[in-house]
Structures are given as structure tokens and as C-alpha cells.
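Engineer: Sending over a structure as C-alpha cells; questions will come in a sec.
The values are calculated or read from the model by the stated rules, or taken from the named source; none is laboratory data. The structure displayed is predicted, hence computed values, not measured ones. Positions of Cβ are backbone-derived with ideal geometry, glycine not excepted, and every protein chain shown enters the neighbour counts. In case anyone asks, the SASA skips ligands and DNA or RNA and just uses the protein heavy atoms, side chains included. Shrake-Rupley method; radii C 1.70, N 1.55, O 1.52, S 1.80 Å.
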Amino acid sequence: METREPEVIRDKEAMRRWSRSMRSQGKTIGLVPTMGFLHDGHLSLVRQSLTLSDVTVVSIYVNPGQFSPTEDLSTYPSDFSGDLAKLAAVSSSGSVIVVFNPKNLYDYDGVRNEKTNSGGGSGGGKVVSCVEEGGLGHETWVRVERLEKGLCGKSRPVFFRGVATIVTKLFNIVEPDVAMFGKKDYQQWRLIKRMVRDLDFGIEIVGSDIAREKDGLAMSSRNVHLSAEERQRALSISRSLAMAKDSAQQGQTSCKELKDMIISEIVGAAGRIDYVEIVDQETLEGVEQIESGVVICVAAWFGTVRLIDNIEINVAV
């Protein structure tokens, strides 16, 4: 099967011109937003986009707007050449994948971040988060006020405004017809769907099921930072979620009982709980009894790595 090396576009105006040229030819455009260091979960989104659109844009951009000054922007893993090779392998004859890899989407009037964004989060020199005073002069943020507050929003208060803002910027630059998001970041997926609805973007948001390793660990670019022992212990997350879903399907509808089961399993594996919540799939509001579709969301630390995972439960009560 023929493979095609993806075209790389780094300038946002050039990206917009390319997209509009495709649209003038009657082609539909898919977007897969990523921060690089691509794994099979990302590639499954690309494959799905290729089936839903004529051409696909994969953005590779480590967004400083979603990191607080104390978070891991400078250590976020990167392998740009490896990412291009993986995308080339996905591309088949007749399919078109373009990579949008801007240096800095918060660059205004010559004010530049000291770290460029050429494919990942590593690099020399001081890293300036655009949420720092005097960082990059960026003042305009998109907020999805209620959906951003719970779950990951509790411990990462600037995260979702950064996500909503960068996705808005990517939508305005790429102008896609459809955009792909993985459900591992469940709150992010729901938040983006709500933002698109509320702001009248003419874009279809598609949520894709969680991609997992053979042993059940949810795929994540941060998994590379786990030691072999931590990785084995981290399996307690997916294991406990599967146990809770099975228990719910057997008739256990008490959310407290289910959460206690999950917490016990993860803590027993030396994990540190950030949160375990059972929430309505649409509103993300916590529930005490399972009476309709819910999602169990977990965030836990193993060593220095914070992992998230979830499982949907659709039990007719």
C-alpha cells in the first residue's frame, strides 16, 4: 500500500489558505487536534477522520494556555519525526493528511515565547506559560463555565479555559467540517461539544471510544513517564472501573458503594486519588444513585504521573 509523507504547514495564514482551497474544490475537512507524541489512540482518530472527510488535518501543538506555571509544559514528551512517520503509515493511496505544526499560536506583534513549539514540549531555555503575568500578552479566553468546574477542573483551574481557547483558535484557522476527540478526556469532549453548540460553530464533534493497551491501560502520551512497576500498579484504574461497571450491571446502583470499591482498589495499588466521581453523561453533575446514563471518571497519581480514565454505564433502572 502506498504511503504519503504528510505535508507540514507551520504558518496559520498558510493553513487557512490550504483549507479554503480544499473547500473551494468541494472537499470536506476533518481535524484531529493533538499535542504530538502520537500513539495508537491518536491514530485511531485519524483513521476515523479519513472515513468521515475528504482530507484530514492533524494539529501537533503543545498548548501553553492549558498549563499553569507549575505544571509539566517543559517535560511534555515529543517525537515530531516519529509522529510524521506514523501518520505516513496511516495514509493510504487517495487519502490526504496534512500536519499543522505552528511554532506559537500566542504570538502577537512580535512577542514570542522563549520556547518554540516545533513538535513537542521539550526544549532548552526558560518556558513561559501564557497564563503567567507578562508571559505573552494573551488576554482573551473562552470559558464553558459550568462544565469546566468539576472533575479535572477542580485541581487544574486554568486547564479547560486553555483547552476551549486553543480549540476555538484551531477551528478558526483550519475551518474544519468535523473534529475528532477521544473520550478518554471525557470532560474535554463534553465541554467542546457544548462550546460548539453554544457558539454556533458549524462543526460536527465526534467522540471516539478510549483506546487501550492490551492489558487495559488507557493510552496516553504521559504513560512513557511511568516506571515498569508504576505501570503495573496503574492497571488498578481500568481494573476497578471494569469491576464497578460489572457491579452496576448486576444491580448495584449506590454511587458511594461503587466509588468506595474503586478507591480501595487504586489505593491498594499505591495510587494517590485525585478524584473518583460518578456523573451524568450530559451535564457532568454528580449523582448518588444510578438511574440513567452515567460515566465514572477517575484521576489518580502513580509516582509523578497523573492518569485519567473513565467508563460509561448505560443501565436501565
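Engineer: I want to verify a result. In a Gaussian network model of the chain, Cα cutoff 10 Å, which of these has the top mean-square fluctuation: THR34, THR304, THR253?
Structural biologist: In this elastic network of the chain, the residue with the biggest mean-square fluctuation among THR34, THR304, THR253 is THR304.
Engineer: Report the net charge of residues surrounding ASP274, where surrounding means a beta-carbon distance below 9 angstrom and charges are Lys +1, Arg +1, Asp -1, Glu -1.
Structural biologist: +3
Engineer: For THR70 and GLN250, compute 0.36 nm times the residue count separating them, minus their Cα-Cα distance, and round to one decimal in nm. Present the calculation step by step, with values, prior to reporting the outcome.
Structural biologist: Numbers: separation 180, 0.36 × 180 = 64.80 nm, distance 4.30 nm.
Between THR70 and GLN250, full extension yields an extra 60.5 nm.
Engineer: Right, next: Mind checking the per residue accessible area of the chain for me, 1.4 Å probe, whole number of Å²? Display every interim value, and only then the final one.
Structural biologist: Details: 14330 Å² over 317 residues.
Heavy-atom SASA per residue in the chain reads 45 Å².
Engineer: Moving on. Quick one: of LYS169/LYS259; LYS103/LYS184; LYS86/LYS245; LYS193/LYS256; LYS103/LYS154; LYS27/LYS86, which pairs are farther than 32 Å apart, Cα to Cα?
Structural biologist: Values: LYS169/LYS259 37 Å; LYS103/LYS184 27 Å; LYS86/LYS245 34 Å; LYS193/LYS256 29 Å; LYS103/LYS154 30 Å; LYS27/LYS86 24 Å.
Violating the 32 Å limit, Cα to Cα: LYS169/LYS259; LYS86/LYS245.
Engineer: Ok, one more. In terms of modelled amide H atoms, which long-range or inter-chain residues lie less than 5 Å from the amide H of VAL142?
Structural biologist: THR165
Engineer: Cβ under 12 Å from SER59's Cβ, SER59 left aside: what net charge do those residues give with Lys, Arg +1 and Asp, Glu -1? The partial results should precede the final answer.
Structural biologist: On the way: positive: ARG10, LYS12, LYS169; negative: ASP83.
Cβ neighbours under 12 Å give a net charge of +2.
Engineer: Hey, what does the equivalent ellipsoid look like for the chain, semi-axes from the Cα gyration tensor as sqrt of 5 times each eigenvalue, largest first, whole Å?
Structural biologist: So the three semi-axes of the chain are 33, 22, 20 Å.
Engineer: Take the alpha carbon atoms of the stretch 211-238, find their center, do the same for the stretch 73-87, and report the distance between the two centers in whole angstrom.
Structural biologist: 19 Å
Engineer: Here's something else I'd like to know. Report, in deg cm²/dmol and to the nearest 500, the calculated mean residue ellipticity at 222 nm for the chain, where each DSSP H run with n ≥ 4 adds -39500 (n - 2.57) and the sum is divided by the residue count.
Structural biologist: Working: 8 runs with 106 residues, N = 317.
That calculation yields -10500 deg cm²/dmol at 222 nm.
Engineer: Any idea what angle helix 159-174 forms with the longest principal axis of the chain, computed on alpha-carbon atoms, 0 to 90 degrees, nearest 10?
Structural biologist: So the helix axis and the longest Cα principal axis differ by about 40 degrees.
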